[in-house]
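Novice: The structure follows.
The values are calculated or read from the model by the stated rules, or taken from the named source; none is laboratory data. The model shown is predicted, which means the values in this text are computed figures rather than measured ones. Using ideal geometry, Cβ is built from the backbone for each residue, glycine included, and neighbour counts are taken over all protein chains shown.
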Amino acid sequence: MDNRIIIFDTTLRDGEQSPGASMNTEEKLQIAKHLARMKVDVIEAGFPIASQGDFEAVTAVAETVKGVTICGLCRSLNKDIDRAVEALKNAEKPRLHVFLATSKIHLEYKLKMAEDKILETAVNAVKYAKSFYNDVEFSPEDASRTEPSFLAKVTEAVIDAGATTVNIPDTVGYTTPEEFYNLITYLYKNVKNINQAVISVHCHNDLGLAVANSLAAIRAGARQVECTVNGIGERAGNCAMEEFIMAAKTRKDIYDYQIDLDTTKIYPISTLVSKITGIFVQRNKAIVGQNAFAHEAGIHQHGYLANKETYEIMTPESVGIKEATLVLGKHSGRHAFQKHMEDLGFSLTEEKLNATFKAFKDLADKKKEVYDDDLISLIETELGTVAGGYEIENIQIQTGNNIRPVACVKIKKDGEFFEDASIGDGPVDAACQAIKRIIGIDCNLEDYRLHSSTSGMDAIGEVSTIITDGKYHITGKASDTDVIIASAKSFLNAVNRLINIKEQNKKD
Ligand SMILES: [Zn+2]
């Protein structure tokens, strides 16, 4: 059997299903370009029929990102497949990914279908997808809780119908490494035509076993692993790409497989995804957490200084972690700035480049040293900006230990200015209340996180907020050297996105 592992990234689809992690098309496009540059094999760009926003994002990724397979998700319905085909029409290598639940609990409570009906629906959907593209993936949803004999039957039938990949998802994150190894082994023994398709796995992390289960599966013969950057995804998330890859590469003595991915791009993409989604990586997270390569305990440090290998099983350089270097200063010109952005992996439109350059100049005035992380924050703020949305013009805050905080906020939209003031429980609350009053929007702040992009007293504060109107949960992000200003901008960004999504869904 071929020992090459296909890396299927679903950050833009499953990852986006993390509560509050919605991304706009421009943000998805930047992530997709980074994924292509790090040489993942397949990018699942979205679920085209789910919303107009998803459709547009898949279309944009399919048009722009070449050299990698672009995949769209569909239920086993012709209208879903038609919509995905439309979104993928300009893809160099399109793939349709069709799914249908097969476990008893899903059949009885969700689909209300009998087994033979499931089989027929799956086969028909695969055949229909196959009439458009050769590359068709089928997923029996909740496979790990499906009766193995029925799972084998479905797998055989969809391969006969033309599926080139069959994905075995552990949808609810319930399986364990031994059990999953046995399940994949069982399929290899009991599905006659299994060698005509690639077997894939898609593991969720509800029990913290997604990476371990994926590693067990490849030893049993799976040759595609579905994963996300930083392991984001529904509930506890998915198999973390960086952990899977580095485990397989570091323990090549056990996992002797070919993985053609540029691991030095891992850290940059992890940073980008965390900034874009507002889901910050925990400090002790494997591979990409801030402490992952810190050797501080005295006894370790001594051994480490004598010989790095005493405690270091992989190097920070191998995953693209570099010393923070001063990159640009106040006098750097536009050309140097653009060149540096390209080195960081961003190809921006003229308009976005101008806006980011202006933000950089403003920042360089306030902050002597500008680092890569600061620049990525600026780009992210720019990408997340809603065109034609409200913008902060002025904020004035009065606060102290014995007074009620008051915020006066002036915002603008389409050349018009609006102003109001509010008191609040704290300065951030006062600013948010003033913004709500001006716009007349009803929403609550659900989550608020403040994070500094680099170290030092003058570091940029990055703020990620999640707001909700009861129906949607929307993330807003912003950065500024002043944390109160960053907070207000982040809240306003979330409000702009909420207004946008409501408008968009009115049209759907
Ligand atoms: Zn999933």
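Novice: Testing Ile118 on (1) modelled with pLDDT under 95; (2) away from the ligand (no atom under 16 Å from the Cβ); (3) within 24 Å of Glu44 (Cβ to Cβ); (4) out of contact with any helix residue (DSSP H, G or I) (no Cβ under 7 Å at 6 or more places or on another chain), one condition comes back false. Which one is that?
Specialist: (4)
Novice: Which of (1) more than 18 Å from Pro169 (Cβ to Cβ); (2) buried (at least 23 other Cβ atoms within 10 Å of the Cβ) is the odd one out, the single condition Lys117 does not satisfy?
Specialist: Evaluating Lys117 over (1) more than 18 Å from Pro169 (Cβ to Cβ); (2) buried (at least 23 other Cβ atoms within 10 Å of the Cβ) leaves (2) as the failure.
Novice: Separate question: Residues that are in contact (Cβ under 8 Å) with a residue 60 or more places away in the chain: list the strands (runs of 3 or more DSSP E) wholly contained in segment 391-508 that include at least 2 such residues.
Specialist: Values: elements: 391-398, 406-413, 416-423, 444-452, 461-468, 473-480.
So the answer is 391-398, 406-413, 444-452, 461-468, 473-480.
Novice: What number of residues within segment 174-206 are surrounded by fewer than 21 Cβ atoms within 10 Å (Cβ to Cβ) and within 16 Å of the ligand (Cβ to nearest atom)?
Specialist: Qualifying residue count for the region: 2.
Novice: Oh, and also: Can you tell me which of Val158, Val201 is touching a strand residue (DSSP E or B) at 6+ places or on another chain (Cβ under 6 Å), over 19 Å from Asn3 (Cβ atoms) and modelled with pLDDT of 95 or more?
Specialist: Numbers: Val201 fails: over 19 Å from Asn3 (Cβ atoms).
Step by step, each of Val158, Val201 is checked, and only Val158 is touching a strand residue (DSSP E or B) at 6+ places or on another chain (Cβ under 6 Å), over 19 Å from Asn3 (Cβ atoms) and modelled with pLDDT of 95 or more.
Novice: So, in segment 86-104, of the ones that are surrounded by fewer than 19 Cβ atoms within 10 Å (Cβ to Cβ) and touching a residue at least 40 places away in the same chain (Cβ under 8 Å), which residue ends up nearest to the chain's Cα centre (by Cα)?
Specialist: Within segment 86-104, the first condition is being surrounded by fewer than 19 Cβ atoms within 10 Å (Cβ to Cβ), and the residues that meet it are 86, 89-90, 92-93, 104.
Filter once more, keeping what is touching a residue at least 40 places away in the same chain (Cβ under 8 Å): 93, 104.
Numbers: Lys93: 21, Lys104: 31 Å.
Top of the filtered list is Lys93.
Novice: Separate question: What single numbered condition from (1) closer than 27 Å to Ser274 by Cβ; (2) buried (at least 22 other Cβ atoms within 10 Å of the Cβ) fails to hold for Asp260?
Specialist: (2)
Novice: Given the conditions (1) more than 27 Å from the chain's Cα centre (by Cα); (2) within 16 Å of the ligand (Cβ to nearest atom), report the number of the one that Thr171 does not fulfil.
Specialist: Condition (1) is where Thr171 drops out.
Novice: Go through segment 237-253 and report how many residues are more than 11 Å from the ligand (Cβ to nearest atom) and either hydrophobic (A, V, I, L, M, F, W, C) or outside the structural domain of Val166 (by TED's automatic domain parsing) (or both).
Specialist: First, pick out the residues of segment 237-253 that are more than 11 Å from the ligand (Cβ to nearest atom): 240-253.
Narrowing the set further to residues that are either hydrophobic (A, V, I, L, M, F, W, C) or outside the structural domain of Val166 (by TED's automatic domain parsing) (or both) leaves 240-241, 244-248.
Count: 7.
Novice: Give the residues of segment 247-292 that are of a type in the set (Phe, Trp, Tyr) and out of contact with any Asp or Glu (no Cβ under 9 Å at 6 or more places or on another chain), sorted by residue number. Outline the logic, then answer.
Specialist: If we filter segment 247-292 for residues that are of a type in the set (Phe, Trp, Tyr), which is where we start, we get 255, 257, 267, 280.
Tyr255, Tyr257 - these are the residues of segment 247-292 that are of a type in the set (Phe, Trp, Tyr) and out of contact with any Asp or Glu (no Cβ under 9 Å at 6 or more places or on another chain).
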